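Chemist: First, the structure itself, so that you have it in front of you.
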Amino acid sequence: MKHPVKPIMGRQLPTPTPTATPPTPNNLQEECIRVQKVYDWVVLANSYRNKIALPDDCRALVDAAIRAGQDISISCVEPVSPGPSCSVVSIRRENITVNGTTVRVGVVRFVFSATVIVRVFADGTPLCEFTTTVQFDQEVVLCLPEPLDEDNIVCRISALECSPTGNVLLGGMVQLDVIVCVEIQVEAEVKLEVLAKFCSPRPNNIPVPSPTPSFRCPPITFPPQCPPIFPVRNCDCQASVNALIPNVSISIGIPLEIAVGTVQLIADICPSCDPSSSSFTFNFFDTVLTDLLGDQSFSFSPTSISSPTCITVLPGLDLITGLVVSGTGVRTFTATGAQEFMTYSLTLAETALGLPDVIILTLTDANGILVFSANLTIVPDEQLLVRDCVTFGDIVITTP
């Protein structure tokens, strides 16, 4: 249900607020972060041979098939669950020489385990199958500075391939060749000051056997970022305004006519250098009501604010720095409550120290006609602040 709204009689001006709150900076700077530091990262591939005894029930079937003259063949596969595992058995500390430098390292013995399914066929027909666990160990040289221990070692088998080496051996044994790809990291929680990028593992060159040519470990890859979505590019500049300027002339209407009144602008453009957090409100209080236009007081609220364009030049002004934002918004007349959808351009500029600053606001209607223009060059310096945002592009990287 709509209720009639009666305009408030008389002129009600806001209390002057002579200073602007400095914008919250978010410049690129040293940061202390808590992370898991990688002290060493090794990938290795190796082949191991295990002899496995046939279970009694399976061995009886195999012996019978052999006596019947059937051809015995064997296959080996890795089940989905349980997956392979690796664990630390022992650590000893040694001094070794790397590129002419003596380094204290940890020689770590690992045990790798995997459960596999062995299937036996007679003339191509399944005869029996069973699960068995294969185990093998290996020593790896790691950067493991004291007091780091096995709790700081993360070991993962990233791939595994199992294949039999032939038919049943004497004594009811089968021989399996198992190839594993292993990723080993030494980690510890630290506090770092960083500018970071992805890093890559070193080869296990202290030393590592070459992978079997027919089987290669999967590559270490990272999922790509989504630059159009995240992270959002920071602003290159920001501004904060808390201005109340009486007795100024502006242009308003179609065609444009001069009106005199008080302008109020409260703006926070790119707080913390974040373009998505910008906001402002603009009010014009018409203080001369004898003109033919009537009361032209209005408020303007943006519905969209672009990322600012930084400027260093305005014709006829000694400019230090400034910015321009644009977008759409709604103008609401105070006397009638009538609303109009507008596009706008807002310029905020800092002049030389001690000189008045600048606010320029233009409003254009849906037909593209300019219906309001305020060019204010007498803004008190303390009521408007424009600052630079330090971004990655501002850093000069030098190579020693």
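Chemist: With a probe of 1.4 Å, find how much accessible area region 34-193 has per residue, and write the answer as a whole number in Å².
Modeler: Numbers: 8430 Å² over 160 residues.
Normalised by residue count, the accessible surface of region 34-193 is 53 Å².
Chemist: Next question, about the same structure. So, with +1 on the Cβ of K and R and -1 on the Cβ of D and E, and no other charges, what is the size of the charge dipole of region 34-193 about its Cα centre, to the nearest 20 debye? Mind dumping the intermediate values first?
Modeler: On the way: 13 positive and 21 negative charges, 43 e Å.
Charge dipole, region 34-193, about its Cα centre: 200 debye, nearest 20.
Chemist: Hey, if you put +1 on the Cβ of every Lys and Arg and -1 on every Asp and Glu Cβ in region 237-388, which of T321, S307, F372 ends up farthest toward the positive end of that dipole?
Modeler: The residue sitting most towards the positive pole is S307.
Chemist: What does the convex hull of the Cα atoms of region 269-392 come to per residue, in Å³, rounded to a whole number?
Modeler: On the way: hull volume 16.9 nm³, N = 124.
Each residue corresponds to 137 Å³ of Cα convex hull volume.
Chemist: So if each residue of separation counts as 0.36 nm, and I subtract the Cα-Cα distance between T343 and S326, what length gain in nm does that give? All intermediate terms of the calculation are to be shown ahead of the outcome.
Modeler: Details: separation 17, 0.36 × 17 = 6.12 nm, distance 0.75 nm.
Result: 5.4 nm gained on full extension.
Chemist: Okay, next question. Using mean Cβ contacts within 10 Å as the protection proxy, how do 70-78, 177-185 order, highest first? Mind showing how you got there, number by number?
Modeler: Values: 70-78: 15.7, 177-185: 20.1.
The most tightly packed comes first, giving 177-185, 70-78.
Chemist: Using the Cα centre of region 237-388 as the reference point, and only Cβ charges (+1 on K/R, -1 on D/E), how large is the resulting charge dipole? Debye, rounded to the nearest 20.
Modeler: Values: 2 positive and 14 negative charges, 42 e Å.
Dipole about the Cα centre, nearest 20: 200 debye.
Chemist: Carbon and sulfur atoms: what percent of the 1.4 Å accessible area of region 34-193 do they account for?
Modeler: Numbers: 3920 of 8430 Å².
Answer for region 34-193 is 47 percent, counting heavy atoms of protein chains only.
Chemist: Which value in Å is the Kirkwood Rh of region 34-193 over different Cα pairs? List each step's numbers first, then the result.
Modeler: Values: mean 1/r = 0.0549 Å⁻¹.
For region 34-193, inverting the mean 1/r across all distinct Cα pairs yields 18.2 Å.
Chemist: Separate question: Restricted to Cα positions, what overall size does region 75-139 have along the principal axes? Three whole-Å values, descending.
Modeler: Each principal axis gives a Cα extent; for region 75-139 these are 60, 21, 15 Å.
The values are calculated or read from the model by the stated rules, or taken from the named source; none is laboratory data. All values reported here derive from a predicted model rather than from experimental measurement. Positions of Cβ are generated from backbone atoms using ideal geometry, with glycine treated the same way; all protein chains shown enter the neighbour counts. To get the accessible areas, we keep the full protein, side chains included, count just its heavy atoms, and leave off ligands, DNA and RNA. Shrake-Rupley method; radii C 1.70, N 1.55, O 1.52, S 1.80 Å.
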